[in-house]
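The values are calculated or read from the model by the stated rules, or taken from the named source; none is laboratory data. These numbers come from a predicted model, not from an experiment. As a convention, Cβ positions derive from the backbone with ideal geometry for all residues, glycine included, and neighbour counts pool all protein chains shown. Protein only, heavy atoms only, side chains kept; ligands, DNA and RNA dropped before computing areas. Shrake-Rupley method; radii C 1.70, N 1.55, O 1.52, S 1.80 Å.
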Amino acid sequence: MTVLLRASEVVKRYPAGRAGAVHAVNGVSLDVRAGETLGVVGESGCGKSTLGRCLVRLTDVTSGRVEFDGQDITALGARRLRPVRAGLQLIFQDPYASLNPRRRAGDIVAEPLKVHRQGSARAIRDRVAELFEVVGLSAAHLDRYPHEFSGGQRQRIGIARALATRPRLIVADEPVSALDVSVQAQVLNLFADLQDEFGLTYVFIAHDLGVVRHVSDRIAVMYLGEVVELADAEALYAAPAHPYTETLLSAVPEIDDGSDPAPRERIVLTGDVPNPSDRPAGCAFHPRCPYARDLCRTERPPLTEAAPGRLSACHFPLVGPRGSGG
Ligand code: SF4
(Lines give C-alpha, C1' and ligand atoms only; values in the text may rest on other atoms or scores of the structure.)
Protein backbone atom coordinates (compact mmCIF):
# COMPACT_ATOMS: atom_id res chain seq x y z
CA MET A 1 0.00 0.00 0.00
CA THR A 2 1.29 3.52 -0.80
CA VAL A 3 2.68 5.50 2.10
CA LEU A 4 1.04 8.93 2.17
CA LEU A 5 2.69 10.33 5.29
CA ARG A 6 5.96 9.25 6.88
CA ALA A 7 7.36 10.41 10.21
CA SER A 8 11.03 9.57 10.81
CA GLU A 9 12.56 9.96 14.27
CA VAL A 10 10.33 12.93 15.07
CA VAL A 11 11.29 14.76 18.26
CA LYS A 12 9.44 17.70 19.79
CA ARG A 13 11.01 19.28 22.85
CA TYR A 14 9.74 22.24 24.86
CA PRO A 15 12.02 24.23 27.13
CA ALA A 16 11.11 23.78 30.78
CA GLY A 17 13.13 26.34 32.73
CA ARG A 18 15.82 24.93 34.98
CA ALA A 19 14.40 21.45 34.57
CA GLY A 20 15.80 21.41 31.04
CA ALA A 21 13.29 20.26 28.46
CA VAL A 22 10.05 18.33 28.16
CA HIS A 23 10.29 15.66 25.49
CA ALA A 24 6.67 15.72 24.33
CA VAL A 25 7.51 13.49 21.35
CA ASN A 26 10.62 11.42 21.62
CA GLY A 27 11.79 9.85 18.36
CA VAL A 28 8.56 8.66 16.72
CA SER A 29 8.76 6.88 13.36
CA LEU A 30 5.64 5.66 11.61
CA ASP A 31 4.01 5.42 8.19
CA VAL A 32 0.43 6.32 7.38
CA ARG A 33 -0.80 4.39 4.34
CA ALA A 34 -3.09 5.93 1.75
CA GLY A 35 -6.74 5.19 2.51
CA GLU A 36 -6.22 3.77 5.99
CA THR A 37 -7.17 4.99 9.44
CA LEU A 38 -4.27 4.92 11.86
CA GLY A 39 -5.46 5.20 15.45
CA VAL A 40 -3.03 6.87 17.88
CA VAL A 41 -3.86 6.08 21.48
CA GLY A 42 -2.40 6.90 24.89
CA GLU A 43 -3.09 8.58 28.23
CA SER A 44 -3.34 12.32 28.55
CA GLY A 45 0.15 13.85 28.27
CA CYS A 46 1.66 10.99 26.25
CA GLY A 47 2.45 13.31 23.33
CA LYS A 48 -0.20 12.11 20.89
CA SER A 49 -1.71 15.57 20.23
CA THR A 50 1.74 17.11 19.84
CA LEU A 51 2.62 14.37 17.38
CA GLY A 52 -0.60 15.11 15.43
CA ARG A 53 0.36 18.79 15.19
CA CYS A 54 3.87 17.88 14.03
CA LEU A 55 2.41 15.64 11.31
CA VAL A 56 0.41 18.51 9.78
CA ARG A 57 3.19 21.06 10.44
CA LEU A 58 1.06 23.08 12.82
CA THR A 59 4.02 22.72 15.14
CA ASP A 60 7.64 22.64 13.96
CA VAL A 61 9.58 19.54 14.95
CA THR A 62 12.76 19.87 17.02
CA SER A 63 14.42 17.17 14.95
CA GLY A 64 13.43 14.37 12.61
CA ARG A 65 11.51 14.50 9.39
CA VAL A 66 7.91 14.46 8.12
CA GLU A 67 7.21 13.55 4.49
CA PHE A 68 3.81 14.01 2.87
CA ASP A 69 3.25 12.33 -0.47
CA GLY A 70 7.00 11.85 -0.88
CA GLN A 71 7.87 15.49 -0.14
CA ASP A 72 9.87 16.49 2.93
CA ILE A 73 7.67 19.14 4.57
CA THR A 74 9.69 19.49 7.78
CA ALA A 75 11.42 22.73 6.87
CA LEU A 76 9.20 24.21 4.16
CA GLY A 77 8.72 27.97 4.40
CA ALA A 78 5.24 29.51 4.61
CA ARG A 79 4.87 30.05 0.85
CA ARG A 80 5.77 26.50 -0.15
CA LEU A 81 3.86 25.04 2.79
CA ARG A 82 0.54 26.64 1.78
CA PRO A 83 -0.35 24.22 -1.04
CA VAL A 84 0.73 21.28 1.14
CA ARG A 85 -1.56 22.49 3.93
CA ALA A 86 -4.56 22.24 1.63
CA GLY A 87 -3.98 18.49 1.44
CA LEU A 88 -3.36 18.03 5.18
CA GLN A 89 -5.97 19.10 7.70
CA LEU A 90 -6.50 18.91 11.46
CA ILE A 91 -9.80 18.50 13.28
CA PHE A 92 -9.74 19.63 16.89
CA GLN A 93 -11.06 18.04 20.05
CA ASP A 94 -13.25 20.87 21.25
CA PRO A 95 -15.42 22.04 18.38
CA TYR A 96 -16.63 25.09 20.30
CA ALA A 97 -13.15 26.36 21.15
CA SER A 98 -11.96 25.84 17.58
CA LEU A 99 -14.77 27.87 15.97
CA ASN A 100 -14.68 31.67 16.08
CA PRO A 101 -17.83 32.58 18.07
CA ARG A 102 -18.22 35.90 16.22
CA ARG A 103 -18.33 34.40 12.75
CA ARG A 104 -21.26 32.71 11.00
CA ALA A 105 -20.90 28.99 10.31
CA GLY A 106 -20.86 29.53 6.55
CA ASP A 107 -18.01 32.06 6.82
CA ILE A 108 -16.02 29.70 9.07
CA VAL A 109 -16.20 26.94 6.46
CA ALA A 110 -15.45 29.39 3.63
CA GLU A 111 -12.30 30.71 5.29
CA PRO A 112 -9.84 27.98 4.14
CA LEU A 113 -11.22 28.30 0.59
CA LYS A 114 -10.45 32.02 0.64
CA VAL A 115 -6.98 31.47 2.16
CA HIS A 116 -6.17 28.94 -0.55
CA ARG A 117 -7.87 31.09 -3.20
CA GLN A 118 -10.08 28.28 -4.37
CA GLY A 119 -12.53 29.93 -6.74
CA SER A 120 -14.70 33.01 -7.12
CA ALA A 121 -16.99 34.28 -4.34
CA ARG A 122 -19.90 32.51 -6.05
CA ALA A 123 -17.99 29.22 -6.40
CA ILE A 124 -16.98 29.38 -2.72
CA ARG A 125 -20.60 30.00 -1.64
CA ASP A 126 -21.73 26.97 -3.67
CA ARG A 127 -18.92 24.80 -2.29
CA VAL A 128 -19.78 25.77 1.31
CA ALA A 129 -23.45 24.86 0.75
CA GLU A 130 -22.34 21.53 -0.72
CA LEU A 131 -20.05 20.88 2.28
CA PHE A 132 -22.88 21.58 4.72
CA GLU A 133 -24.97 18.96 2.96
CA VAL A 134 -22.09 16.45 2.93
CA VAL A 135 -21.72 16.65 6.73
CA GLY A 136 -25.45 16.47 7.41
CA LEU A 137 -26.23 20.16 7.94
CA SER A 138 -28.54 22.28 5.80
CA ALA A 139 -28.40 25.61 4.00
CA ALA A 140 -30.54 27.03 6.82
CA HIS A 141 -27.50 26.63 9.12
CA LEU A 142 -25.15 28.80 7.04
CA ASP A 143 -25.97 32.10 8.75
CA ARG A 144 -26.04 30.84 12.32
CA TYR A 145 -23.35 31.41 14.92
CA PRO A 146 -21.50 28.56 16.70
CA HIS A 147 -23.44 28.99 19.97
CA GLU A 148 -26.67 28.23 18.12
CA PHE A 149 -25.56 24.66 17.38
CA SER A 150 -25.37 21.51 19.50
CA GLY A 151 -21.96 19.93 20.23
CA GLY A 152 -22.40 17.32 17.50
CA GLN A 153 -23.43 19.96 14.96
CA ARG A 154 -20.42 22.10 15.88
CA GLN A 155 -18.13 19.16 15.22
CA ARG A 156 -19.85 18.75 11.84
CA ILE A 157 -18.94 22.38 11.07
CA GLY A 158 -15.34 21.58 12.05
CA ILE A 159 -15.38 18.58 9.72
CA ALA A 160 -16.84 20.66 6.86
CA ARG A 161 -14.10 23.24 7.37
CA ALA A 162 -11.44 20.51 7.27
CA LEU A 163 -12.94 19.05 4.08
CA ALA A 164 -13.18 22.40 2.29
CA THR A 165 -9.78 22.23 0.57
CA ARG A 166 -10.32 18.58 -0.50
CA PRO A 167 -7.55 17.20 1.75
CA ARG A 168 -6.08 13.76 1.30
CA LEU A 169 -5.20 13.28 4.96
CA ILE A 170 -6.99 14.45 8.09
CA VAL A 171 -5.55 14.27 11.60
CA ALA A 172 -8.52 14.13 13.97
CA ASP A 173 -7.45 14.97 17.52
CA GLU A 174 -9.96 13.38 19.92
CA PRO A 175 -12.82 14.56 17.68
CA VAL A 176 -15.59 12.90 19.70
CA SER A 177 -14.32 13.01 23.28
CA ALA A 178 -16.20 16.25 24.09
CA LEU A 179 -19.50 14.81 22.77
CA ASP A 180 -22.28 12.81 24.43
CA VAL A 181 -21.98 9.06 23.89
CA SER A 182 -25.09 8.96 21.69
CA VAL A 183 -23.69 11.71 19.44
CA GLN A 184 -20.23 10.12 19.32
CA ALA A 185 -21.54 7.18 17.29
CA GLN A 186 -23.17 9.50 14.73
CA VAL A 187 -19.99 11.51 14.26
CA LEU A 188 -17.87 8.34 14.00
CA ASN A 189 -20.25 7.06 11.32
CA LEU A 190 -19.88 10.36 9.48
CA PHE A 191 -16.09 9.96 9.52
CA ALA A 192 -16.45 6.46 8.05
CA ASP A 193 -18.89 7.62 5.34
CA LEU A 194 -16.62 10.50 4.31
CA GLN A 195 -13.65 8.18 4.10
CA ASP A 196 -15.56 5.89 1.72
CA GLU A 197 -16.86 8.78 -0.35
CA PHE A 198 -13.65 10.78 -0.70
CA GLY A 199 -10.93 8.14 -0.22
CA LEU A 200 -9.62 9.99 2.84
CA THR A 201 -6.74 8.89 5.02
CA TYR A 202 -7.11 9.49 8.76
CA VAL A 203 -4.86 9.71 11.78
CA PHE A 204 -7.37 9.33 14.57
CA ILE A 205 -6.13 10.36 18.01
CA ALA A 206 -7.90 9.14 21.15
CA HIS A 207 -7.17 8.52 24.81
CA ASP A 208 -8.82 5.14 25.00
CA LEU A 209 -8.85 2.08 22.82
CA GLY A 210 -12.64 1.78 22.96
CA VAL A 211 -13.23 4.84 20.76
CA VAL A 212 -10.83 3.90 17.96
CA ARG A 213 -11.72 0.21 17.92
CA HIS A 214 -14.23 0.33 15.09
CA VAL A 215 -12.61 3.03 12.98
CA SER A 216 -8.94 2.01 12.89
CA ASP A 217 -7.14 -0.28 10.46
CA ARG A 218 -3.93 -0.07 12.50
CA ILE A 219 -3.17 1.34 15.91
CA ALA A 220 -0.10 3.04 17.39
CA VAL A 221 0.00 3.09 21.18
CA MET A 222 2.02 5.92 22.75
CA TYR A 223 3.58 6.17 26.18
CA LEU A 224 5.67 9.11 27.38
CA GLY A 225 6.30 10.50 23.90
CA GLU A 226 7.14 7.18 22.23
CA VAL A 227 5.28 4.59 20.19
CA VAL A 228 5.39 1.39 22.24
CA GLU A 229 3.19 -0.77 20.01
CA LEU A 230 2.12 -0.60 16.36
CA ALA A 231 -0.11 -3.30 14.92
CA ASP A 232 -3.20 -4.14 12.90
CA ALA A 233 -6.21 -3.19 15.00
CA GLU A 234 -7.72 -6.68 14.98
CA ALA A 235 -4.50 -8.38 16.08
CA LEU A 236 -3.91 -5.78 18.79
CA TYR A 237 -7.39 -6.15 20.27
CA ALA A 238 -7.16 -9.95 20.12
CA ALA A 239 -3.77 -10.11 21.87
CA PRO A 240 -1.75 -7.00 22.79
CA ALA A 241 2.04 -7.35 22.53
CA HIS A 242 3.03 -4.57 24.95
CA PRO A 243 2.10 -4.63 28.66
CA TYR A 244 0.92 -1.01 28.47
CA THR A 245 -1.48 -1.86 25.63
CA GLU A 246 -2.76 -4.76 27.72
CA THR A 247 -3.54 -2.28 30.50
CA LEU A 248 -5.36 0.14 28.19
CA LEU A 249 -7.32 -2.72 26.68
CA SER A 250 -8.37 -4.03 30.08
CA ALA A 251 -10.10 -0.68 30.70
CA VAL A 252 -12.32 -0.99 27.59
CA PRO A 253 -15.79 -2.15 28.65
CA GLU A 254 -16.74 -5.48 27.07
CA ILE A 255 -20.24 -6.45 26.02
CA ASP A 256 -21.01 -9.63 27.93
CA ASP A 257 -22.96 -11.67 25.39
CA GLY A 258 -21.84 -14.96 26.94
CA SER A 259 -19.61 -15.80 23.97
CA ASP A 260 -16.32 -15.14 25.74
CA PRO A 261 -15.57 -17.78 28.39
CA ALA A 262 -12.75 -15.68 29.90
CA PRO A 263 -13.67 -11.98 30.09
CA ARG A 264 -10.71 -9.62 30.33
CA GLU A 265 -9.64 -8.69 33.83
CA ARG A 266 -9.20 -4.97 34.58
CA ILE A 267 -5.53 -4.15 35.24
CA VAL A 268 -5.03 -1.19 37.53
CA LEU A 269 -1.64 0.44 37.17
CA THR A 270 0.23 1.50 40.28
CA GLY A 271 2.47 4.57 40.32
CA ASP A 272 2.06 7.90 38.58
CA VAL A 273 2.72 8.73 34.95
CA PRO A 274 6.40 9.80 35.02
CA ASN A 275 7.32 13.40 34.38
CA PRO A 276 8.28 13.76 30.68
CA SER A 277 11.21 15.99 31.68
CA ASP A 278 12.52 13.24 33.95
CA ARG A 279 12.17 10.07 31.93
CA PRO A 280 12.95 6.82 33.83
CA ALA A 281 16.08 4.94 32.73
CA GLY A 282 15.65 1.81 30.64
CA CYS A 283 12.05 1.14 29.63
CA ALA A 284 10.01 4.26 30.48
CA PHE A 285 7.11 2.02 31.54
CA HIS A 286 9.14 -0.06 34.02
CA PRO A 287 8.06 1.76 37.24
CA ARG A 288 4.43 0.77 36.48
CA CYS A 289 4.86 -2.49 34.57
CA PRO A 290 3.72 -5.68 36.28
CA TYR A 291 6.19 -7.69 34.19
CA ALA A 292 9.34 -5.57 34.77
CA ARG A 293 12.63 -7.42 35.25
CA ASP A 294 16.19 -6.18 35.91
CA LEU A 295 16.97 -5.64 32.23
CA CYS A 296 13.95 -3.30 31.92
CA ARG A 297 15.44 -0.89 34.49
CA THR A 298 18.67 -0.37 32.57
CA GLU A 299 18.11 -0.95 28.86
CA ARG A 300 15.71 0.94 26.69
CA PRO A 301 13.76 -1.51 24.47
CA PRO A 302 13.68 -0.51 20.78
CA LEU A 303 10.49 -0.72 18.73
CA THR A 304 11.04 -4.03 16.94
CA GLU A 305 9.00 -6.84 15.47
CA ALA A 306 7.58 -9.03 18.24
CA ALA A 307 5.64 -11.18 15.79
CA PRO A 308 4.91 -10.79 12.04
CA GLY A 309 3.43 -7.33 11.51
CA ARG A 310 3.56 -6.53 15.25
CA LEU A 311 5.98 -3.87 16.47
CA SER A 312 6.53 -3.59 20.19
CA ALA A 313 9.01 -1.68 22.37
CA CYS A 314 9.32 -4.33 25.07
CA HIS A 315 12.11 -6.73 26.06
CA PHE A 316 9.50 -9.36 26.91
CA PRO A 317 6.51 -8.87 24.59
CA LEU A 318 3.28 -10.68 25.38
CA VAL A 319 3.13 -12.27 21.91
CA GLY A 320 5.77 -13.83 19.66
CA PRO A 321 8.82 -15.97 20.31
CA ARG A 322 10.80 -13.47 22.44
CA GLY A 323 8.77 -13.78 25.60
CA SER A 324 5.46 -14.11 27.31
CA GLY A 325 5.57 -11.07 29.55
CA GLY A 326 6.82 -12.99 32.50
FE1 SF4 B 1 7.48 -4.09 31.01
FE2 SF4 B 1 10.04 -4.63 30.69
FE3 SF4 B 1 8.44 -4.72 28.62
FE4 SF4 B 1 9.05 -2.38 29.71
S5 SF4 B 1 10.45 -3.77 28.67
S6 SF4 B 1 7.03 -3.03 29.09
S7 SF4 B 1 9.17 -2.94 31.87
S8 SF4 B 1 8.36 -6.07 30.41
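Summary table below
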{"read-out": "Vicinal HN-Hα couplings computed from phi for region 290-303 (Karplus, 6.51 cos²θ - 1.76 cosθ + 1.60; Hz; Gly/Pro x)", "value": "x, 9, 4, 10, 4, 4, 5, 7, 10, 10, 6, x, x, 7"}
{"read-out": "Helix 121-134 vs. the chain, principal-axis angle (Cα, 0 to 90°, nearest 10)", "value": "50"}
{"read-out": "Per residue, in Å², the accessible surface of the chain once ligands and nucleic acids are set aside, probe 1.4 Å", "value": "48"}
{"read-out": "For the chain, radius of gyration divided by Kirkwood radius, i.e. Rg to Rh on alpha-carbons", "value": "0.99"}
{"read-out": "Three-way shape call for region 15-119 based on the alpha-carbon gyration tensor, with the a/c threshold at 1.5", "value": "prolate"}
{"read-out": "Pair ALA192, ARG79: separation of 7 Å Cα→Cβ label points (nm)", "value": "4.6"}
{"read-out": "Integer Hz, Karplus 6.51/-1.76/1.60 couplings in order for region 148-155, x for Gly and Pro", "value": "8, 10, 7, x, x, 5, 5, 5"}
{"read-out": "Accessible surface ranking that places the most exposed of ILE267, ILE108 first, with a 1.4 angstrom probe", "value": "ILE267, ILE108"}
{"read-out": "Apportionment of accessible area to carbon and sulfur, the chain, percent (1.4 Å)", "value": "48"}
{"read-out": "Solvent accessible area, Å² - HIS147, 1.4 Å probe, full protein context", "value": "120"}
{"read-out": "Long-range amide H partners of GLY39 with built H, under 5 Å", "value": "PHE204, ASP217, ARG218, ILE219, ALA220"}
{"read-out": "Under 5 Å, built H, 5+ apart or other chain: amide partners of GLY27", "value": "VAL10, VAL11, LYS12"}
{"read-out": "Restricting region 16-62 to trypsin sites (Lys or Arg not before Pro) in coil, as DSSP defines it, with at most 16 other Cβ within 10 Å", "value": "none"}
{"read-out": "Candidates per trypsin sites (Lys or Arg not before Pro) in region 85-138, loop by DSSP, up to 15 other Cβ within 10 Å", "value": "ARG102, ARG103, ARG117"}
{"read-out": "Solvent exposure ordering (accessible area, 1.4 Å, most first) of LEU5, LEU90", "value": "LEU90, LEU5"}
